[in-house]
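One structure is given below, encoded as structure tokens.
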Amino acid sequence: MSTEKDKSTSALRPRTLAVHGGTARSPFGETSEAMFLTSGYVYESAEAAEARFKGDEPGFIYSRFANPTVRMFEERMIALEGAPEGRTIEARATATGMAAVTAAMLCHLSAGDHVVAAKALFGSCRYIVEELLPRFGVTSTLVDGTDLEQWKAAIQPNTKTLFLETPSNPTLEIIDLQAVADIAHDAGARLVVDNVFATPVLQKPFEFGADVVVYSATKHIDGQGRCLGGVVLADEDFITEYLGNFLRQTGPSLSPFNAWVMLKSLETLDLRIKAHSENGEVVARFLDAHPKVARALYPTLDSHPQAALARRQMTAGGNIVAVEVKGGKEAAFRFANALKIIKISNNLGDAKSLITHPQTTTHQRLSDEARAELGISAGLLRLSVGLEDSQDLIEDLDRALAAI
Ligand SMILES: *Cc1c(COP(=O)(O)O)cnc(C)c1O
């Protein structure tokens, strides 16, 4: 394929990069990015095929390795994430967020290595660290991510990687990225950050020293609940040495169709996340002050125990609110069932507001003790605030709280 690349976009601002970053036009000069639904590519000659396989000539070989539409998505993600001074950041897209997390870990870990991770992890991420890695000889220690002493105490001579998400799912714990990155680097280890809840619009982990950033693109990046996808961003060296070949050989590739949907979604990411955050904050304030609510957790509310840290490393609080109603599971179910605009669903980051009861859905596989440690009580609900008018959401919540 011969493409016409847009002129260098690196000096542009985020909203412009979101619209133009990574665009590669075919000779037809299409305005909108093309969707290349192709598994393979044809060559001018046998010699050309040989040269491309040898790496002597650039070009696509097979869509498990790379695809023009997927590449546009990766390049737009690189543009949005940005690179701190002196670092060159690369990206690889994957079929799901879990494929991104799994690949980011497995590609560089070997039997005998050790991983330290925060306890407050997305359920499947916890499975990777607690169950999958140990089966292959990679031991792990889980810590309270908000306690820096626990991170330090967990470091062993063979610690290779520290892993966390912030804000965390579902109780919105905030972890000090710079401090944990420093602990990792002092130990000669890497820090991997799951940045799903914040997105690159609200938080840029590389600027706080993270080595690898992973996303479930299924959430806010798609933003309309249509496609599964994921992406790993890291220094070019990490991709060359570990991730690129791991993905090429094991094959959790993103479909070009899904890549196209995500690519077009990125055009509005900055706008959407700012609107989501405005709604999130308004709804969180309303819930925090409501007499039927025991507590509302939202990163930038003054009542959040780490509000100062959240404001330091995030530009806004995002769209996820954890709300604990008084009266346990019965009250939580009555409340959720009485909502009309806000739908019951375990997905998040959608234009539609969604609510879930973690104890009985996303976190039901955890033991009672593990749930208690994470603050997942019977009355806790996780609300993903959408893009509706916030006044309609407040009226819906108010009506439903009255049903308790
Ligand atoms: C959803 C999610 C994942 C997994 O992503 P999938 O696209 O569902 O595989 C990982 N981490 C966090 C924080 C998530 O919310």
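The values are calculated or read from the model by the stated rules, or taken from the named source; none is laboratory data. Here the structure is a predicted model, which means the values were calculated and not measured. No Cβ is skipped: glycine too gets one built from the backbone with ideal geometry, and neighbour counts run over all protein chains shown. For accessibility, only protein heavy atoms count, side chains too; no ligands or nucleic acids. Shrake-Rupley method; radii C 1.70, N 1.55, O 1.52, S 1.80 Å.
With +1 on the Cβ of every Lys and Arg and -1 on the Cβ of every Asp and Glu, and nothing else charged, how large is the dipole of segment 269-402 about its Cα centre, in debye rounded to the nearest 20? Before the final figure, lay out each step's value.
On the way: 17 positive and 17 negative charges, 43 e Å.
Taking the Cα centre of segment 269-402 as origin, the dipole is about 200 debye.
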Could you give P(r) for segment 269-402, binned at 10 Å from zero, as whole percent values over all Cα-Cα pairs? 13, 45, 35, 7
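Give the Rg/Rh ratio for the chain, taking Rg as the radius of gyration of the Cα atoms and Rh as the Kirkwood radius, to two decimals. Walk me through the intermediate numbers first.
Numbers: Rg = 21.7 Å, Rh = 22.0 Å.
In the chain, Rg relative to Rh is 0.99.
Leaving out ligands, DNA and RNA, what percent of the accessible area of the chain is carbon and sulfur, probe 1.4 Å?
On the way: 8890 of 17170 Å².
Summing carbon and sulfur atoms, their accessible area is 52 percent of the total for the chain.
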Sticking with the crude label model, points 7 Å out along Cα→Cβ, report the distance from Ile344 to Ser303 in nm, one decimal please. 2.5
Segment 123-180 to segment 220-260: how many Å between their Cα centroids? 22
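Can you give the alpha-carbon Rg of segment 6-165 over 2.2 N^0.38 Å, where N counts its residues? Can you show the working numbers first?
Numbers: Rg = 20.4 Å, N = 160, 2.2 N^0.38 = 15.1 Å.
Against the compact-globule rule of thumb, the ratio is 1.35.
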FRET efficiency for Gln178 and Arg365 from the Cβ-Cβ distance with R0 = 45 Å, rounded to 0.05, comes out at 0.90
Starting from the residue with the highest accessible area, list Met35, Met314 in decreasing order, probe 1.4 Å. Met35, Met314
Spin-label point model (7 Å from Cα, Cβ direction): what's the Arg334 to Ser26 distance in nm? 5.9
Please report, in debye to the nearest 20, how large the charge dipole of the chain is about its Cα centre when each Lys and Arg carries +1 at its beta carbon and each Asp and Glu carries -1 there. 920
Shape category assigned to segment 255-309 from the gyration tensor of Cα positions, a/c cut at 1.5: prolate
Considering only Ser140, Ser253, Ser345, give the residue with the highest GNM mean-square fluctuation for the chain, with springs between Cα atoms whenever their separation is below 10 Å. Ser345
Let me know the longest stretch in the chain that avoids all chymotrypsin sites (Phe, Trp or Tyr not before Pro) found in a DSSP loop with at most 12 other C-beta atoms within 10 Å. 137-404
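What FRET efficiency would be calculated for the residue pair Arg15, Ala46, taking the C-beta separation as r and a Förster radius of 51 Å, to the nearest 0.05?
Numbers: r = 46 Å, r/R0 = 0.91.
Calculated transfer efficiency: 0.65.
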Could you check the spin-label model distance between Asn158 and Phe53? Points 7 Å from the Cα along Cα→Cβ, value in nm. 3.9
Once the dipole of the chain is set up with Lys and Arg at +1 and Asp and Glu at -1 on Cβ about the Cα centre, which of Ala403, Tyr127, Asn347 lies farthest towards its positive end? Ala403
In this model, which of Lys119/Lys292; Lys292/Lys340; Lys292/Lys329; Lys54/Lys160; Lys219/Lys274 are farther than 25 Å apart at the alpha-carbon? Lys119/Lys292; Lys54/Lys160
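Among rounded, prolate and oblate, which fits segment 158-312 when a ≥ b ≥ c are the square roots of the eigenvalues of its C-alpha gyration tensor, a/c under 1.5 means rounded, and a/b larger than b/c means prolate?
Details: a/c = 2.52, a/b = 1.30, b/c = 1.94.
Oblate, since a/c reaches 1.5 and b/c is not below a/b.
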Checked against the positive end of the charge dipole of the chain (+1 on Cβ of Lys and Arg, -1 on Cβ of Asp and Glu, about the Cα centre), the farthest of Ser377, Thr146, Thr69 is Ser377
Any idea of the accessible area per residue across segment 89-232, 1.4 Å probe, to the nearest Å²? 30
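Roughly what % antiparallel, to the nearest 5, for the DSSP beta bridges in the chain? Before the final figure, lay out the partial values.
Numbers: 26 of 45 bridges.
Bridges in the chain that DSSP calls antiparallel: roughly 60 percent.
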Max mean-square fluctuation residue, GNM over the chain, Cα-Cα springs under 10 Å, options Pro84, Pro68, Pro58: Pro58
Which of Gly22, Thr159, Gln203, positive extreme of dipole for segment 16-266 (C-beta unit charges): Gly22
Residues whose placed amide H lies under 5 Å from that of Ile344, excluding near-sequence neighbours: Ile355
